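Engineer: Can you read through this structure? Questions will come right after.
Please treat every number below as a calculation from the coordinates, not as lab data. Keep in mind that what you see is a predicted model, and the values were worked out from it rather than measured. Heads up, the Cβs are rebuilt from the backbone with ideal geometry, glycines too, and the neighbour counts pull from every protein chain shown.
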Amino acid sequence: MTRVDFHSQVSDKIHYACRLIRKARAANCQILVLSQDLAQAQSLDQALWSFSASDFLPHTLIEDPLATQSPIVISADQDAPSPHHDLLVNLSQSLPLQFQSFQRVIEIVSSEEQDANAGRQRFRLYQQQDIKPTHTVANAS
């Protein structure tokens with residue numbers, strides 16, 4: 001069964017995602033990041049290139065022909081088939097359609113009211129599918 005973890009009250013979803021991705025790559029996970037839209041996907045793409053001077057976080061957008069070879073893939077398209085199934089990082093406000101094909105899902109939820117409400121709804125939807133999500137309040141850093 002898929003493990004689902006919620007990280008809430010995140011002040012900067014892009015920066016927080018970069019930190020989680022770096023940690024997951026250190027554990028050799030292959031990652032799909034689901035963004036809210038193309039603009040957010042492009043912001044994350046840029047942030048991953050400049051996030052850390054000492055860490056190389058190889059990634060690509062899902063449309064890229066190298067997506068199957070990249071350990072980190074970013075997608076704004078819920079319907080696009082994922083080349084990876086270790087970890088799904090959800091930055092969107094929707095329940096990921098393919099979440100059950102992943103070993104783990106991390107839901108990143110900001111403190112903004114609309115995003116927090118969407119996060120609460122997703123939490124309930126997971127519970128309705130007999131999944132017991134964990135919840136962590138994000139650190140301010």
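Engineer: For Ala116, project a label point 7 Å along Cα to C-beta. Then give me every residue of segment 1-15 with its amide nitrogen under 18 Å of that point.
Structural biologist: The answer is 6-14.
Engineer: State, to one decimal in nm, how far the label point of Asp130 lies from the label point of Leu38, with both points 7 Å from Cα in the Cβ direction.
Structural biologist: Going by the 7 Å Cα→Cβ label model, 4.1 nm.
Engineer: Once you place label points 7 Å from the Cα toward the Cβ at Ser94 and Val137, how far apart are they in nm?
Structural biologist: According to this spin-label approximation, the distance is 3.1 nm.
Engineer: Quote the charge dipole size of segment 1-139 about the Cα centre in Debye, to the nearest 20; the model charges only the Cβ of Lys and Arg (+1) and of Asp and Glu (-1). The partial results should precede the final answer.
Structural biologist: Values: 11 positive and 15 negative charges, 115 e Å.
Roughly 560 debye for segment 1-139.
Engineer: Divide by every residue of the chain the summed helix terms, -39500 (n - 2.57) for each DSSP H run of at least 4, and state the resulting mean residue ellipticity at 222 nm, rounded to the nearest 500 deg cm²/dmol.
Structural biologist: -10000 deg cm²/dmol
Engineer: Relative contact order of the chain: what whole-number percent is it, with Cα pairs under 8 angstrom and at least 6 residues apart?
Structural biologist: The normalised contact order for the chain reaches 39 percent.
Engineer: Any idea how far apart Ser101 and Ala80 come out in nm if each label point goes 7 Å out from Cα toward Cβ?
Structural biologist: Simple spin-label model gives 1.3 nm for this pair.
Engineer: For Arg22 and Ala53, calculate 0.36 nm times their separation in residues minus their Cα-Cα distance, and state this gained length in nm to one decimal. Could the numbers behind the result be given before it?
Structural biologist: Details: separation 31, 0.36 × 31 = 11.16 nm, distance 1.20 nm.
Gain on stretching Arg22 to Ala53: 10.0 nm.
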